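Peer 1: I'd like to ask you about the structure that follows.
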Amino acid sequence: MHDLLTGVFFWITLGVCLIGMLARFIMYFRGLSWQLDRVAYTSYPAAGFKGAVRSIYKWLIPFGTYGWRTQPFIAIAFFGFHLGAVLIPLFLLGHNLFLREKLGISFFTLNADVADIFTWMAVASAFFLVLRRLVLPEVRIMTTRYDYFILLVSIAPFITGLLARYQVGEYSFWLNMHIFCGELLLIAIPFTKLSHVFLFFASRAQLGMDFGIKRGGMKGTKMAW
Amino acid sequence: MPEGKFCNKKPVDTAEGINELLSDTSGNDYYKEMKELEVDSDLLWKTIQNTVKSRMKTWLEICAHCGMCADSCFLYEVNGRDPKQVPAYKIQSTLGEIIRKKGKVDNEFMRHCMEVAWAQCTCCNRCGMYCPHGIDTGIMFGYLRGLLYQQGFVPWELKIGAGMHRVYRAQMDVTDADFVDTFEWMVEEYEDDYPGLTVPVDVEGADIMYTVNAREVKHYPEDLAEAAILFHIAGENWTVPSKGWEETSLAMFAGDWAACKMQVESVYAAMERLKPKRMIGTECGHAHRATVVEGPYWAGRKNGQPPVESIHYVEWLAEALNTGKLKIDPSKRIKEPVTLQDSCNYIRNQGLKKATRDIMKHIVEPGFFIEMSPNKEHNYCCGGGGGFNGIGLFRKQRNIALIKKRDQILETGAKLVLAPCHNCWDAIRDLEEVYEIGIRWSFLKPVVVKMLEIPEHLRPEE
Amino acid sequence: MFKKILFATSATGASDHAARVAFNIAKSYQSHLNIFHVLGVPSRGYSQVVVDVKTKERVDVDEDYTAWVTEDIRTYYEKYLDESLNYTIDVAVGVPAREILRQAKILKPDLILLGGSTGDEGESVYKKSSLGSTLQKVAKSANCPVLFVNRPAASFWGGLSNIVFGTDFSKISDKAFDFAMKVAKTLDCELSVFHALDISALHAGKMLNQDEIEQQIRESLRKIRSRYEPRLKELKGYSMDVWEGIPFIEIVKYARDKQADLLIMAHHSRKISSEDIRLGGNVEQVIVRAGCPVISINK
């Protein structure tokens, strides 16, 4: 089982995820239309680029925008969750060892204690995000089962990973579960709402170009995100 | 009765058609007929397939339903934080639903969409600034309005408004002759006070071509006189076109894209005919958005620019004051608490916040200008934008929508509100009518005209 | 003399005293009377909806509605409207002052007759948003003489016999004098030329002694004589006086003293002085206070 998951399955999921992301990313930008979107993307590449970078950069900084500052609760839960969701898969020691064995590459690794903190933070934040969906009427009204499913898919690798990490019950079972959930997540990325992991940059870039080119950028006004 | 006599899918493009629609008092029969209007699902779905591309598809897909847009929407706030007023919910439950059902929606649903599109969103685009994914719901509502218009589900006044543009190339039944006559009449009325005051019509190669809002011609022609006076005192070489003088576009509010194109092309034709150095539009927000910001795209101009550089009135005024073309008599500056309404259409949507503040510096005694909170690109809609002001069917909702601006104004403590935008001006006027908070409101022109320092050679002989 | 008269009315009690004068003049001088009513001010943004000035209700103005309002006006003035009167009724939509001026531009009347300010209008948002009142705007911009009847007391019109002309020796005052002469001659009236020596504003902070005042009065009288008397002699009777005081008060007093049926003055304030009529310029003050109809001439 373990061999299968870390062998064929790993290669398939990784391939589907990367190719899928790349394809959709390209499709997104090819599908932009100056006339339908009413943004002269190609006429002002410099202004568009500046706007796009600003639009992405500002939103990546915790409390970097009015939106984050006016809603600190979700900002904390959001960054708590996403820090873990981005850092742990890439920079956990175990993951890097695995990657080196499989791909011959590895990244910088996190200190084990720090990794624990990020993981718990992600789980706790996910819990608050679920709670928020249940409690706040303005979020509840829009929340569908699909939204919970996405949250579950994204947090499952963390939970199974923790169970394995603390060896609750049988280690190898949880490890396999962990790998399975992780691969499920990778597969889901290009095809579900999880596509936001890369389309976030695309969509933000688009609105950034809109403001950078049409809505004030070329008048010398930087959007106060 | 799928297609009604008044309410149908066909745009109005004759004067008779407009009069017929107008004869249906308050659109009573129009809305009755709307209940029977058939939805052309095939057309709806085909249009969506042709026009919903990456941007909007992605917006609708990746919306995390996180609700962060809720607080950004003034309509959500003033309607008791009704979850049904959350921008993401509003668009997902209308446009999102139409797309999920591949256009197979019924009449009742379309009428619901009409209410959401025109009474629950003013297309102020504020929520777009508060969405982590950069989803601009206002843009999608603008798009939804287009779909609804195509299917005939559009508020009565806006069907008329769009028709006016088709027939008169103006938002009201003001002809080209009416425009020139009225402008000349106004100049005549003021020429004793301002010797040499003229209105140069159709002058080629002028520095400025001035365009207006038809309402000024019809009901508030003093505005034309004031514009002429300010250009005159500033020593500008200006002109007005006898054709293509209307900058506004109710067609934009209606979602009648074909009429939008006709309208802006009439202004662009005037630019090409008269070859001015610049075009300046009056103190109107949506007019600027329509003719300068969005218009080039409707007209198929790939670089997104009108044929000649086009600026908003506040940009010209700021420039004239900054460069000393217009001088303010310091003793006549505003010496009472005064606040400023930022129009969404050219502040948030074209970044002109500095121009208006420069103007305030010149015309207000230091210490008397009080900013609203929030302000600039984060300011709230006046409450009547996007066509909301004029729709009788949604008047109640509109009056509730005014509460946000009312409270913002009250918070400043100012009794005078400067609103360099027709829509904002109307909304603020209406909020005084409805809520009686004891304020006055004004465009910039009348205020500035009164405090000008007039150069010796332009003064009347005593 | 008054071949065509434009009578702008609210068709309510506020215009009743003006109406008496309007119909009286029209009948006495066989004028054509255009009864003009601005039925509503634009409301609700760009839409066609207006607020009816009488009912304060929002209405859609269509043919039926204008026909209904026209009929309403006809009924309101029924007692005046007999066969001997040559009249038309027009209604319009818009900002009252502007629409009155627009109608005057089309009609080119010899006289515009304006009723009293419509009481509670002062409190409404429509007035606040416009620069100054209807009265001030029309007085400033009309191309023909404008007759105001503000107080009920000013409306008793038993024909014209005494006219008071107030002058400040300006160019426009000369025009107003021409007009006063024309009226006096055509209608065979006595004309009293009057000048008020302003001792309030002119010498603020410095009190003139009575000798100085009387010296100035003599000078003003000399001015009146040289400027107007040669032509005044064409009339059956005339008088010339100069009083000192606050001008608008003195003019109103003088007119009362002379039992004037009509006061004629030049209106030449360049700017609308204040949005509040009670703080308005001299002519506005006279209009508001006078016990007889006032005609203002601005060009």
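Every number in this text was worked out from the coordinates using simple rules, so none of it is lab data. None of these values were measured; they are calculated from a predicted model. When we count neighbours, we look across all protein chains shown, and the Cβ atoms used for this are built from the backbone with ideal geometry, even at glycine.
Peer 1: Considering chain C as a Gaussian network with a 10 Å cut-off on Cα pairs, which listed residue, C:N282, C:N150, C:N209, attains the greatest mean-square fluctuation?
Peer 2: Most flexible of the set in this elastic network: C:N209.
Peer 1: When the Cα centres of the range B:99-130 and the range B:25-59 are compared, how far apart do they sit, in Å?
Peer 2: 10 Å
Peer 1: Report the local net charge at A:A77: Lys and Arg +1, Asp and Glu -1, summed over other residues whose C-beta lies under 12 Å from its C-beta. Don't skip to the end; give the middle numbers.
Peer 2: Values: positive: A:R132, A:R133; negative: none.
Around A:A77, the charge tally is +2.
Peer 1: Turning to a different aspect of this structure: Please list log₁₀ I(q)/I(0) at q = 0.17, 0.18, 0.19 Å⁻¹ for the range B:170-311, using the Debye equation with identical point scatterers on the alpha-carbon positions.
Peer 2: -0.86, -0.96, -1.07
Peer 1: So what is the orientation-averaged projected area of the range B:123-254, using the convex hull of its C-alpha atoms, in nm²? Before the final figure, lay out the partial values.
Peer 2: Numbers: hull surface 42.5 nm².
Here the figure is 10.6 nm², rounded to one decimal.
Peer 1: What distance in nm separates the two pseudo spin-label positions at C:E71 and A:A46, each 7 Å out from Cα along the beta-carbon direction?
Peer 2: 7.1 nm
Peer 1: Give me the angle, in degrees from 0 to 90, between the Cα long axis of helix A:196-209 and the longest principal axis of the Cα atoms of chain A, rounded to the nearest 10.
Peer 2: 10 degrees
Peer 1: If the range B:64-155 were replaced by its equivalent ellipsoid, with semi-axes equal to the square roots of 5 times the Cα gyration tensor eigenvalues, what would those be, largest first, whole Å? If you can, show how the numbers build up before the last one.
Peer 2: Details: eigenvalues 93, 36, 28 Å².
The answer is 22, 13, 12 Å, longest axis first.
Peer 1: Under a point spin-label approximation (7 Å from Cα along Cα-to-Cβ), what is the A:L99-A:I117 distance to one decimal in nm?
Peer 2: Here the answer is 2.1 nm between the modelled labels.
Peer 1: Size of the range B:145-191 along its principal axes in angstrom, Cα-based, largest extent first?
Peer 2: Principal extents (largest minus smallest coordinate, Cα): 50, 16, 13 Å.
Peer 1: Over the Cα atoms of chain B, each weighted equally, I'd like the Debye log10 I(q)/I(0) at q = 0.07, 0.13, 0.14 Å⁻¹, rounded to two decimals.
Peer 2: Debye output, listed in q order: -0.35, -1.22, -1.39.
Peer 1: Quick one: net charge around B:S54, please, counting Lys, Arg +1 and Asp, Glu -1 for every other residue with C-beta under 11 Å from its C-beta.
Peer 2: Numbers: positive: A:R24, A:R30, B:K53, B:R55, B:K57; negative: A:D37, B:E61.
Within the 11 Å Cβ shell, the charges total +3.
Peer 1: Which order do the peptides B:314-323, B:211-220, C:213-222, B:7-16 take when ranked by the mean count of other beta-carbon atoms within 10 Å per residue, highest first? Kindly include the intermediate steps, with their values, before the conclusion.
Peer 2: Values: B:314-323: 20.1, B:211-220: 23.9, C:213-222: 14.5, B:7-16: 16.0.
Going from most to least packed, we get B:211-220, B:314-323, B:7-16, C:213-222.
Peer 1: From the P(r) of the range B:1-137, can you give the percent of Cα pairs sitting at distances over 19 Å?
Peer 2: Values: 5530 of 9316 pairs.
Tail of the P(r) past 19 Å holds 59 percent of the pairs.
Peer 1: Of B:K10/B:K396; B:K354/B:K445; C:K3/C:K105, which ones are farther than 22 Å apart at the Cα?
Peer 2: Those over the limit are B:K10/B:K396.
Peer 1: Can you pull the mean other chain C-beta count within 10 Å for peptide A:133-139?
Peer 2: Details: counts 3, 0, 0, 5, 7, 16, 10.
Mean number of neighbouring Cβ atoms from other chains: 6.
Peer 1: Under Stokes-Einstein, with the Kirkwood radius over Cα pairs standing in for Rh, what whole-number D in µm²/s applies to the range B:350-462 at 10 °C and 1.306 mPa s?
Peer 2: Values: Rh = 15.6 Å.
For these conditions, the coefficient is 102 µm²/s.
Peer 1: Could I ask something else about it? Excluding B:P296 itself, what net charge comes from residues whose Cβ is under 10 Å from its Cβ, given Lys and Arg +1 and Asp and Glu -1? Intermediate values should be presented prior to the final figure.
Peer 2: Working: positive: A:R38, A:K214, B:R301, B:K302; negative: B:E294.
Around B:P296, the surrounding residues sum to +3.
Peer 1: Give the aspartates and glutamates reachable from C:K258 as a straight Cα distance under 13 Å; neighbours fewer than 8 places away on the same chain don't count.
Peer 2: Hits, sequence-local ones excluded: C:E190, C:D241, C:E250.
Peer 1: Another question, if that's okay. If one takes the longest principal axis of the Cα atoms in chain A, at what angle in degrees, from 0 to 90 and to the nearest 10, does the Cα axis of helix A:145-165 lie?
Peer 2: Relative to chain A, helix A:145-165 is tipped by roughly 40 degrees.
Peer 1: Name all residues of the range B:137-164 having a backbone nitrogen under 11 Å from the label point set 7 Å from the Cα of B:N50 along its Cα→Cβ direction, giving them as ranges.
Peer 2: So the set is empty, nothing qualifies.
Peer 1: In straight Cα distance, which aspartates and glutamates are under 15 Å from B:K57, not counting same-chain residues fewer than 8 positions off?
Peer 2: Within the straight-line cut-off, B:K57 pairs with A:D37, B:E97, B:D136.
Peer 1: Taking the 0 to 90 degree range and rounding to the nearest ten, how far is the long axis of helix C:16-28 tilted relative to the main principal axis of chain C, both from C-alpha atoms?
Peer 2: 80 degrees
Peer 1: With N denoting the number of residues in chain A, provide Rg(C-alpha) divided by 2.2 N^0.38 Å, to two decimal places. It would help to have the intermediate numbers written out before the result.
Peer 2: Details: Rg = 19.8 Å, N = 225, 2.2 N^0.38 = 17.2 Å.
Expressed relative to 2.2 N^0.38 Å, the Cα Rg reads 1.15.
Peer 1: Let me ask something else about it. Nearest 0.05, what FRET efficiency do A:S106 and A:T70 give at R0 = 56 Å with Cβ-Cβ as r? Each step should come with its number before you reach the end.
Peer 2: Details: r = 40 Å, r/R0 = 0.71.
Between A:S106 and A:T70 the formula returns 0.90.
Peer 1: Can you tell me the FRET efficiency between B:K243 and C:K108 if r is taken as the Cβ-Cβ distance and R0 is 22 Å, rounded to the nearest 0.05?
Peer 2: Details: r = 28 Å, r/R0 = 1.29.
It comes out at approximately 0.20.
Peer 1: Each label point is 7 Å from the Cα along the Cα-to-Cβ direction; what then is the distance between the points at C:K3 and C:N209, in nm?
Peer 2: 5.8 nm
Peer 1: Taking springs between alpha-carbon atoms closer than 10 angstrom, which of C:I106, C:I251, C:I73 fluctuates most in the Gaussian network model of chain C?
Peer 2: C:I106
Peer 1: What is the gain in length, in nm to one decimal, between B:D181 and B:R111 on full extension, counting 0.36 nm per residue of separation less the C-alpha to C-alpha distance?
Peer 2: Working it through step by step, the gained length comes to 21.0 nm.
Peer 1: Using 0.36 nm per residue of separation minus the Cα-Cα distance, give me the extension gain between C:E234 and C:E57 in nm, one decimal. Mind showing how you got there, number by number?
Peer 2: Working: separation 177, 0.36 × 177 = 63.72 nm, distance 5.44 nm.
Full extension of this stretch gives 58.3 nm more.
Peer 1: Further question: If you look at just the Cα atoms of chain C, how large are its Rg and its Dmax in Å?
Peer 2: My reading of the Cα-based Rg and Dmax gives 20.1, 68 Å.
Peer 1: Let me ask you something else. Take the alpha carbon atoms of the range A:14-69, find their center, do the same for the range B:404-462, and report the distance between the two centers in whole angstrom.
Peer 2: 40 Å
Peer 1: Further question: Give me log10 I(q)/I(0) at q = 0.17, 0.20, 0.34 Å⁻¹ for the range C:5-50, Debye formula, one equal scatterer per alpha-carbon, no solvent.
Peer 2: Those come out to -0.56, -0.67, -1.17, one per q.
Peer 1: If Rh is defined by the Kirkwood formula over all Cα pairs and Rg also comes from Cα, what ratio Rg/Rh do you get for the range C:1-78?
Peer 2: Numbers: Rg = 14.3 Å, Rh = 13.7 Å.
Result: Rg/Rh = 1.05.
Peer 1: Using the Cα atoms as the points, what is the convex hull volume per residue of the range B:122-172 in Å³?
Peer 2: Details: hull volume 4.5 nm³, N = 51.
Per residue, the Cα convex hull of the range B:122-172 comes to 88 Å³.
Peer 1: Quick check on the protein assembly as shown: what does the Kirkwood estimate of hydrodynamic radius come out to from the alpha carbon pairs, in Å?
Peer 2: Working: mean 1/r = 0.0312 Å⁻¹.
Roughly 32.0 Å, rounded to one decimal.
Peer 1: Under the classification rounded if a/c is under 1.5, otherwise prolate if a/b is larger than b/c and oblate if not, where does the range C:160-297 fall, given a ≥ b ≥ c as square roots of the Cα gyration tensor eigenvalues? List each step's numbers first, then the result.
Peer 2: Working: a/c = 1.76, a/b = 1.21, b/c = 1.45.
Oblate is the answer for the range C:160-297, as a/c is 1.5 or above yet b/c matches or exceeds a/b.
Peer 1: Excluding residues fewer than 8 places away in the same chain, name every one of the aspartates and glutamates whose C-alpha is closer than 13 Å to that of B:K84.
Peer 2: A:E138, B:D71, B:E115
Peer 1: Can you give the average number of partner chain beta-carbon atoms within 10 Å of each beta-carbon in peptide B:187-196, as a whole number? Write down the numbers at each step before the final one.
Peer 2: Numbers: counts 0, 3, 7, 1, 0, 7, 3, 1, 0, 0.
Average neighbour count from other chains, rounded to a whole number: 2.
Peer 1: Given a cut-off of under 8 Å on Cα pairs at least six residues apart, what relative contact order in percent is computed for the range A:2-214?
Peer 2: Working: 209 pairs, mean separation 78.1, N = 213.
So the answer I get is 37 percent.
Peer 1: Considering lysine pairs in chain A that are 8 or more places apart or on different chains, how many have Cα atoms under 29 Å apart?
Peer 2: Going through chain A pair by pair, I get 12.
Peer 1: Still on this structure, please answer the following. Quick check on the range A:1-91: take the gyration tensor over C-alpha atoms, sort the square-rooted eigenvalues as a ≥ b ≥ c, and tell me if it's rounded (a/c under 1.5), prolate or oblate. Mind dumping the intermediate values first?
Peer 2: Numbers: a/c = 3.23, a/b = 1.27, b/c = 2.54.
Oblate, since a/c reaches 1.5 and b/c is not below a/b.
Peer 1: The range C:4-154: percent of C-alpha pairs farther apart than 26 Å? Display every interim value, and only then the final one.
Peer 2: Numbers: 2246 of 11325 pairs.
The share of Cα pairs beyond 26 Å in the range C:4-154 comes to 20 percent.
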